[in-house]
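To start, the structure under review is shown below, and the notes come after it.
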Amino acid sequence: MTEIEIGRGKRGRRAYSFDDIAIVPSRRTRDPQEVSTGWQIDAYHFDLPVIAAPMDSVMSPESAIAFGQHGGLPVLDLEGLWTRYEDPAPLLAEIATLDPALATQRMQEIYRAEIQPELVTERLREIRAAGVTVAGALTPQRTQQLWKTVVDAGVDLFVIRGTTVSAEHVSGRAEPLNLKRFIYELDVPVIVGGAASYSAALHLMRTGAAGVLVGFGGGAAHTTRVTLGIHAPMASAIADVAAARRDYLDESGGRYVHVIADGGVGTSGDVVKAVACGADAVMLGAALARATDAPGRGYHWGAEAHHPELPRGHRVHVGAVAPLEEVLFGPSRVADGTTNLVGALRRAMATSGYLELKEFQRVEVVVAPYQRS
């Protein structure tokens, strides 16, 4: 692969973001109504290749139930406000009104409250009682502490999500989470990430994960590139991890690990390009936080925004554009890719001549950089 000389002592590989690429229609078109956007991970089938990000601005138990009933996979943040406070509604309202200059400090104070295991159990049981697939997320740091509570509550899918997660964390101070042993001993499928390179993803696949989250520092609420200097352009990252999936399929004798784009997927066009680069599904944060019935009330933030020592994100105003149903299925009242996400994916697949998501991963892609207006 061609590398670019950055200077006499350093070379780097050219990587591409979604804005750098475009899909090319084939010789055939299809009827959009005949296109399938369904996908399956382990024993669980979903009508939409969309996972709701475990972020307090996106998912509450109520919005998780609604999202699941629409055909997506909701994931609740089990380290968020809903597991720290009996009634976090007043705090969510306060966060939406904070002065930008004071938001980070105040959010650090709010999230300093301890996680209550009994609330973890209660929130997950509330979602299960509604009859939708139950998924909860923990960071690697909290997994060893709370995993048994989560599994005992009846979770269907377990998500281990961090800014970056490796299969080999080395520490001289504490015993790290052994992902391979942990996943092997767990009775539920595990989705783990993020990863942003071929080798990192391949090692995560070898732990037995059912899915790998792809992304690092590319979300709307992240400032990771500014604070840590780390960033992975998503088009190249997904394609690299998709290659790891292909090679692991051969290595394992047929075990398929799902690739899930997580970060930087802000519009319907980004969803289309993520699948075109090899993703089986996308995890959406800001795109769903724009719903008028989202918990963030037009604002969006992740755990990085209130880190107690080194915040790598902030609360951003994404606006409230439409109810969740219109964000997913339309009708669109604007032409900026913020609503009717599933309809746009369906039409892009039909225009390019594909009926299934796995087929669409083979669509032709060109490098065609542009600047969003």
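The values are calculated or read from the model by the stated rules, or taken from the named source; none is laboratory data. Given the structure is predicted, the values throughout are model-derived calculations rather than measurements. Ideal geometry is used to build each Cβ from the backbone, glycine not excepted, and the neighbour counts take in all protein chains shown. Surface accessibility is based on the protein's heavy atoms, side chains included, excluding ligands, DNA and RNA. Shrake-Rupley method; radii C 1.70, N 1.55, O 1.52, S 1.80 Å.
Limited to segment 132-155, what total is found for residues that are outside any helix (DSSP H, G or I) and in contact with a helix residue (DSSP H, G or I) (Cβ under 8 Å, 6 or more places away or on another chain)?
Residues of segment 132-155 outside any helix (DSSP H, G or I): 132-139, 153-155.
Imposing the further condition that a residue be in contact with a helix residue (DSSP H, G or I) (Cβ under 8 Å, 6 or more places away or on another chain) reduces the set to 132-134, 136, 138-139, 153-155.
Looking only at that region, the number is 9.
Report, by residue number, each residue of segment 22-45 that is more than 29 Å from G302 (Cβ to Cβ) and either buried (at least 16 other Cβ atoms within 10 Å of the Cβ) or of a type in the set (D, E) (or both).
R30, D31, E34, V35, listed by residue number.
Please report, ordered by residue number, the helices (runs of 4 or more DSSP H) entirely within segment 308-373 with at least 3 residues that are under 18 Å from G264 (Cβ atoms). Walk me through it before giving the result.
Details: elements: 324-329, 341-352, 357-360.
Here the list reads 341-352.
Sort through L119, L48 and tell me the only one that's part of a loop (DSSP other than H, G, I, E, B), at pLDDT 95 or above and buried (at least 16 other Cβ atoms within 10 Å of the Cβ). Give the steps one after another, and end with the answer.
Numbers: L119 fails: part of a loop (DSSP other than H, G, I, E, B).
One residue alone meets the criteria, L48.
Residue check: is R112 among the basic types (K, R), surrounded by 13 or more Cβ atoms within 10 Å (Cβ to Cβ) and modelled with pLDDT of 95 or more?
So R112 fails the test.
Provide a single number: the residues in segment 288-306 that are under 15 Å from the mean Cα position of the chain (by Cα), crowded, with 24+ Cβ neighbours inside 10 Å and in a helix (DSSP H, G or I).
First, the residues of segment 288-306 that are under 15 Å from the mean Cα position of the chain (by Cα): 288-289, 300-304.
Filter once more, so that each one left must be crowded, with 24+ Cβ neighbours inside 10 Å: 288-289, 300-302.
Now drop any that are not in a helix (DSSP H, G or I), which leaves 288-289.
Count: 2.
Quick check, is E5 without any contact (Cβ under 8 Å) to a residue 40 or more places away in the chain, assigned to a loop (DSSP other than H, G, I, E, B) and over 23 Å from A281 (Cβ atoms)?
On the way: without any contact (Cβ under 8 Å) to a residue 40 or more places away in the chain: yes; assigned to a loop (DSSP other than H, G, I, E, B): no; over 23 Å from A281 (Cβ atoms): yes.
Answer is no for this residue.
In segment 256-277, what residues are crowded, with 24+ Cβ neighbours inside 10 Å and either on the phi > 0 side of the Ramachandran plot or assigned to a loop (DSSP other than H, G, I, E, B) (or both)?
Residues satisfying the conditions are V257, G263, G264, V265, C277.
Scan segment 310-323 residue by residue and report those that are open to solvent by 20 Å² or more (accessible area, probe 1.4 Å) and under 22 Å from G263 (Cβ atoms).
Once the filter is applied, which keeps residues that are open to solvent by 20 Å² or more (accessible area, probe 1.4 Å) and under 22 Å from G263 (Cβ atoms), segment 310-323 yields L310, P311, R312, H314, R315, V316, H317, V318, A320, V321.
Kindly provide the set of residues from segment 242-281 that are over 26 Å from T351 (Cα atoms) and of a type in the set (V, I, T), ordered by number.
Residue satisfying the conditions is V257 alone.
Consider G71 against the criteria (1) crowded, with 20+ Cβ neighbours inside 10 Å; (2) in contact with a Phe, Trp or Tyr (Cβ under 8 Å, 6 or more places away or on another chain): it satisfies all of them except one. Which criterion is unmet?
Failing condition for G71: (1).
Taking the stated definitions as given, is V159 part of a strand (DSSP E or B) and either open to solvent by 30 Å² or more (accessible area, probe 1.4 Å) or at pLDDT 85 or above (or both)?
Working: part of a strand (DSSP E or B): yes; either open to solvent by 30 Å² or more (accessible area, probe 1.4 Å) or at pLDDT 85 or above (or both): yes.
When the stated conditions are applied, V159 passes them.
Got a sec? Which of R333, R347 is without any contact (Cβ under 8 Å) to a residue 12 or more places away in the chain and over 21 Å from the mean Cα position of the chain (by Cα)? Please lay out each step first, then the result.
Working: R347 fails: without any contact (Cβ under 8 Å) to a residue 12 or more places away in the chain.
The unique qualifying residue is R333.
Checking T97 against (1) part of a loop (DSSP other than H, G, I, E, B); (2) within 29 Å of A196 (Cα to Cα), which single condition isn't satisfied?
(2)
Using beta carbons and a limit of 6 Å, which pairs, at least six apart or on different chains, have the first residue in segment 124-148 and open to solvent by 70 Å² or more (accessible area, probe 1.4 Å) and the second one part of a helix (DSSP H, G or I)?
Close Cβ pairs satisfying both conditions: E126/P61.
Output the number of the condition that I65 fails; it satisfies all remaining conditions of (1) among the β-branched types (V, I, T); (2) more than 21 Å from A350 (Cα to Cα); (3) under 24 Å from the mean Cα position of the chain (by Cα); (4) assigned to a loop (DSSP other than H, G, I, E, B).
(4)
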